[in-house]
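Beneath this line is the structure, given in structure tokens, with notes to follow.
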Amino acid sequence: MKKILVTGAAGFIGFHVVQALIKRGEQVIGIDNLNDYYDVGLKRARLEQLKRSADSQAFQFVKADLADRKAMEEIFQAGAFDVVVNLAAQAGVRYSLKNPHAYIDSNIVGFLNILEGCRYHKVKHLVFASSSSVYGNNVKTPFSESDNVDHPISLYAASKKANELMAHTYAHLYGLPCTGLRFFTVYGPWGRPDMACFLFTKAILEGKSIDVFNFGDMKRDFTYIDDIVEGVVRVMDKIPQPDLHWDRTHADPGSSDAPYKLYNIGNNHPVELTRFIEVLETQLGKKAVKNMLPMQPGDVPATFADVDDLMKDVGFKPATSIEEGIRKFVEWYRGYYRV
């Protein structure tokens, strides 16, 4: 049994990861600041689910902010964690245009506090969330961890790229094993209300229009939450080792001669946004009223994950179809909101 710290435990991905870790018998400490970026009631409902599914030995929750240096020092001092899974972050591309300081506080200052805690308390493995947003306007597809990602087009993406660089620094200087996970458009039950699947479902059921950006000419590698969790847990168990064949003259950004590794976790099957909406309409039994709009600043036209490294190293690749994934989301949404 490992003792594992999961940050963002009341968040969408964090909640599901904690559930999976509890089920396999780990001792989990979950932290979250329960901020009001979206409905705090949904976050509290997730926590209630976790508390009901585990005794106090298996899961404990601490309300804390990653950017609170003193609080984080105290949590690490008391914890003696084997593994840290950092899923807390200020998310969202569009919100980064409105409130950039939130991204620096949480994603930069907060992540530094995580790194320092891992460094001084000899954590055996830090797994942290990055994002497909780091690929920016890369035109080579599928996106590979070996691609250059030095040209982010949103502050959110820049903060995630910064996390990868910061983690590599700690892997190099202090031998802290670090694995970064680039998630691709995650959806599913208990999802975030600011994401397309949730926004579209709510609007369609209420008879309101949905905003379809770039006039629908977008593709996303929609990845079902269970596939994300499986990837996170498998990677968590694989502590990265220095790549003895890593060549500094032709440096691969996805690995290192330090104990550091990056993985994409995506469905490896981009879906047109218009098709995604069609499947949602079928499951809801109701047509969407579409408000066709131009591309939003910071957005990208397409995402497509190369998951060869994930498959090679941990024997897993996401495979849930949007038909199955959307069906499960709609079932949850109707049950949770009683509609």
Inside region 280-308, can you point out the residues that are part of a helix (DSSP H, G or I) and touching an Asp or Glu at 6+ places or on another chain (Cβ under 6 Å)? none
Anything in region 240-276 that is open to solvent by less than 70 Å² (accessible area, probe 1.4 Å), assigned to a loop (DSSP other than H, G, I, E, B) and of a type in the set (A, V, I, L, M, F, W, C)? List them, or say none. 246, 251, 258
Pull up region 91-117, narrow it to residues that are β-branched (Val, Ile, Thr) and at pLDDT 95 or above, then point me to the one that is farthest from residue 38 (Cα to Cα). 114
Of the conditions (1) in contact with a helix residue (DSSP H, G or I) (Cβ under 6 Å, 6 or more places away or on another chain); (2) modelled with pLDDT of 95 or more; (3) open to solvent by 30 Å² or more (accessible area, probe 1.4 Å), residue 330 satisfies every one except a single condition; which number is it? (3)
Scan region 194-225 for residues that are of a type outside the set (A, V, I, L, M), more than 13 Å from residue 274 (Cβ to Cβ), touching a helix residue (DSSP H, G or I) at 6+ places or on another chain (Cβ under 7 Å) and surrounded by fewer than 22 Cβ atoms within 10 Å (Cβ to Cβ) and jot them down. 209
Tell me, which residue of region 174-190 that is under 16 Å from residue 164 (Cβ atoms) and part of a strand (DSSP E or B) is most open to solvent (accessible area, probe 1.4 Å)? 183
Six or more apart or on different chains, Cβ atoms under 6 Å: show the pairs whose first residue is in region 74-91 and closer than 22 Å to residue 180 by Cβ and aromatic (Phe, Trp, Tyr) and whose second is in a strand (DSSP E or B) and open to solvent by 20 Å² or more (accessible area, probe 1.4 Å). 81/3
Would you pick out the residues in region 243-280 that are of a type in the set (Asp, Glu) and touching a Phe, Trp or Tyr at 6+ places or on another chain (Cβ under 9 Å)? 243, 252, 257
Filter region 34-44 down to residues that are aliphatic (A, V, I, L, M) and either free of Cβ contacts under 8 Å to residues at least 40 places away in the same chain or under 16 Å from residue 7 (Cα atoms) (or both) and give me whichever is surrounded by the most Cβ atoms within 10 Å (Cβ to Cβ). 34
Can you name every residue in region 226-238 that is farther than 18 Å from residue 322 by Cβ and open to solvent by 70 Å² or more (accessible area, probe 1.4 Å)? 234, 237, 238
For the subset of region 126-153 comprising residues that are touching a Gly at 6+ places or on another chain (Cβ under 6 Å) and not in a loop (DSSP other than H, G, I, E, B), which member is surrounded by the most Cβ atoms within 10 Å (Cβ to Cβ)? 130
Working carefully through the options 335, 298, 266, 325, find the one that is small (Gly, Ala, Ser) and either farther than 22 Å from residue 199 by Cβ or touching a Gly at 6+ places or on another chain (Cβ under 7 Å) (or both). 325
Please go through region 14-32 and pick out each residue that is assigned to a loop (DSSP other than H, G, I, E, B) and in contact (Cβ under 8 Å) with a residue 60 or more places away in the chain. 24
Tally time: how many residues in region 279-327 are modelled with pLDDT under 95, open to solvent by 60 Å² or more (accessible area, probe 1.4 Å) and among the hydroxyl-bearing types (Ser, Thr, Tyr)? 0
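The values are calculated or read from the model by the stated rules, or taken from the named source; none is laboratory data. This structure is a prediction, so every number in the text was calculated from the model and none was measured. Note that we place each Cβ from the backbone using ideal geometry, even for glycine, and neighbour counts take in every protein chain shown. In case anyone asks, the SASA skips ligands and DNA or RNA and just uses the protein heavy atoms, side chains included. Shrake-Rupley method; radii C 1.70, N 1.55, O 1.52, S 1.80 Å.
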